[in-house]
Each structure stands twice: as structure tokens, then as C-alpha cells.
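Engineer: I'd like to ask some things about the structure below.
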Amino acid sequence: MATISFQCYACQQVLKVGGEKAGKRGKCPKCGTMLTIPVGSSAAPAPPPPPAAAPPPLPQAPQPKAPAAQYAPGAPPAQGPLRAELVEDDADFPPPPPRRRASEDAEVYEAEEVDVRAPAAGGAWKHVRLGLLLVFIGFCVIAGAFALQLIGYLLFTINTIQALSGRPSGGMGAPAFAILWRIAEVIGVCGTLTAVAGYVFCILGPKQRGALPLAITTVSVTGVYLLLTVIFKLPFLFSQGFGLFGGRGVALTWFMQVGIQLLFCAELVLFPLYLRAVGYLRNRPRHASSCMVPLFLAAGYGVLRLIAWVLGYVVIRSESEPSRGLIWITILLLWLGSIAFVVHLIFYLLLLWRSRALTNR
């Protein structure tokens, strides 16, 4: 097969290609210059090989590169022939895509960072946001009811001091603290109903990290608490014989009150665990850690109230005159539990509001 020999007009390298490639474009394998393959050979035969190599010369400073020479037919070759690599037409090699500017790269990176760290709120998080709002409103109502209970506790303490000192408490019908407790309990039931509606909306939220089981458990425990409150606690509070050292309450009714109190404390422990799961789902570990504060406060409140209820039962069911020291310990535990619940409400309401704001992002 005939070959075409020609010289690169940039580096003076002699190239050889097949005759069927005449007229096409190719790339010099030495300097990379695009060339047009001539129709016929234009390079002179290669010179004989040089004599034995002399010792290498001493290194010298690099000389400036000579400007590229134009292709001239018939020019003598600069060195021996070199096998050329055939390059197809330019259509077979499309130009590389343009590089993006640095500003464009920064914009793409920022958009990806926003998507990873703060996913758009929507879908299931809308239900969680509404549920947390209802729970927040419900516990604001419960806080107002507990304020009335605190006034009742104060009057209850005053009446107890008067009874222990032998002075008559005065008044007709139900004591004032009992009336306040009744009103507060009805208001508290309304707030709990609102909170239950919020718990139901939280069930419709995300299901990862145990959020769904915690929401379902909270709804179940709070539902049982409401049912027992309506069946046992409200009739006990509204009975005619309600008082400190009297009444027609029996052991079953009294211990049902203790069970109702423990169910309420379980609700206060379970939902912060759900909020903790929400914090981890939103990639906020510090927020998740802060959920443990109201959880421990709720547990302490439950322990204090449990001891106070047990001691109160011992005082009421005592056949002889109860010990004054036991009565004072019961009142002290009652107030310690009340203080613990007030502190818990402050942290809990702040946690609910921050958790709801977390679902907006």
C-alpha cells in the first residue's frame, strides 16, 4: 500500500500515513499540531543514521523555542521518520464542554448544602407542626388550671394549719380549696383533650427513629388518663364528702387517683422522647439533648406526688389521730411536687415551641 511522507510545519517532524488518508486532517504525534495530509509525499528520504553517540554535553541553559514554521513542500526533514497516529475528522471528536465559572460552582454547592442540612418542610412535617401547636395550646390551658390548683393548695395548707391548732376553719359547704380544685380539674381536662388532638396529628408525621411508636404510646396513655379522670377523679372531687380527714372514699378510689396521677406523669415523660426523635430527624442533636431536661423534671414530679399520695392515704385511713409530723411531711411533699411541676411546665412549653419552629425549616 502506498504511503505519503510529509513534514510537520510546526516541529519539522517527518510523518508517514497511508495513501488512502490523503486530504484528511491529522494530528502530529510529537507536538499535537493539526495538519492537512497532502495528496503526495513531500518529504525527502531519511538521512543515514548518525555515528556512535558522543559523550553527553554539559547541561546548558534552555534556549528559547523557535517559532513554529509553516509547512513548505520539499523542505529537508529535521530528523528520522516517525510513525504517525491517524486522527479521524474533527466531527468524530466534539470539543470538550465549557468549564463552569467559580461563581457557578459556589451557587451549586450552596444549593446542595441547603438541601442536605435543612430539607424543605412539607408533607408529613405539616402534620407534626400542627400537632405541636395543639399540644402547646393544650399545655398552656393546663398551666392555667394548675395556677388555680396552686391557690387551692395554699388554702388547703391554711385550713390544715387551723385544724392542727384547734381553731375552726369556718365556712359552710365545700371548702374553698375543693371548689378551686374542681374548676381546675375541668379546665385541665379541656387542655388534655386539645393535647390529645395534637398527639394524633403527630402520628401522621415521620416514622423514623421510633417517632411513630412514641406518638401512638403517648396517645394511648393520655386516652386512658382521660377516661379514668372522667370515671373516677371528677366524681371523687365533686362528691359531697370531699375533704382532708373525711369523706366516703375507699381504698380502691384512692389508689385509682394514684394511678391517674402516674398516667399523667407517663404522658409528660413519653412526649419529650418523641420530641427527641424529632430533633434527631431534623439533624439537631443539641435540640434532642435538651429534651431530656423536662423528662427528668417530670420523673421527679411523679416520684414526689406518688410519695405524697401514699402518705396522704395513710393519714386519712388512720384509725387514731394521725401524727402531725406525717401531715407536715405530706404537705411539704405536696409543695415540692408543685414547684417541680411549675419548673417542668416552663421548660416543656419552651421545648414545644422550639420543636415546632424546627419543623418550619
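Engineer: Describe numerically, in nm with one decimal, the distance between label points set 7 Å from Cα along Cα→Cβ at Val342 and at Arg317.
Structural biologist: So the label points at Val342 and Arg317 sit 3.2 nm apart.
Engineer: Another question, then. Along Cα→Cβ, 7 Å out, is where each label goes; now give me the distance between the ones at Leu306 and Thr157 in nm to one decimal.
Structural biologist: That separation, rounded to one decimal, is 2.5 nm.
Engineer: Ignoring any ligand, DNA or RNA, what whole percent of the accessible area of segment 172-242 comes from carbon and sulfur when the probe is 1.4 angstrom?
Structural biologist: Whole-percent figure for carbon plus sulfur exposure: 77.
Engineer: Please sort 190-197, 274-281 by packing, taking for each peptide the average over its residues of neighbouring beta carbons within 10 angstrom, highest first.
Structural biologist: Details: 190-197: 18.5, 274-281: 23.6.
Sorting 190-197, 274-281 by mean packing, highest first, produces 274-281, 190-197.
Engineer: Once R0 is set to 30 Å, what does the formula 1/(1 + (r/R0)^6) return for the Cβ-Cβ distance between Ser220 and Asn360, expressed as a FRET efficiency to the nearest 0.05? Intermediate results must be reported in sequence, preceding the final value.
Structural biologist: On the way: r = 28 Å, r/R0 = 0.94.
Taking R0 as 30 Å, the efficiency between Ser220 and Asn360 is 0.60.
Engineer: Roughly how many nanometres apart are two label points built 7 Å out from the Cα toward the Cβ at Leu150 and Met34?
Structural biologist: That separation, rounded to one decimal, is 8.5 nm.
The values are calculated or read from the model by the stated rules, or taken from the named source; none is laboratory data. As the structure is a computational prediction, the values presented were derived from the model and not from experiment. Every residue, glycine among them, receives a Cβ derived from its backbone with ideal geometry; neighbour counts consider all protein chains shown. Heads up: the accessible areas ignore ligands, DNA and RNA and are worked out on the full protein's heavy atoms, side chains in. Shrake-Rupley method; radii C 1.70, N 1.55, O 1.52, S 1.80 Å.
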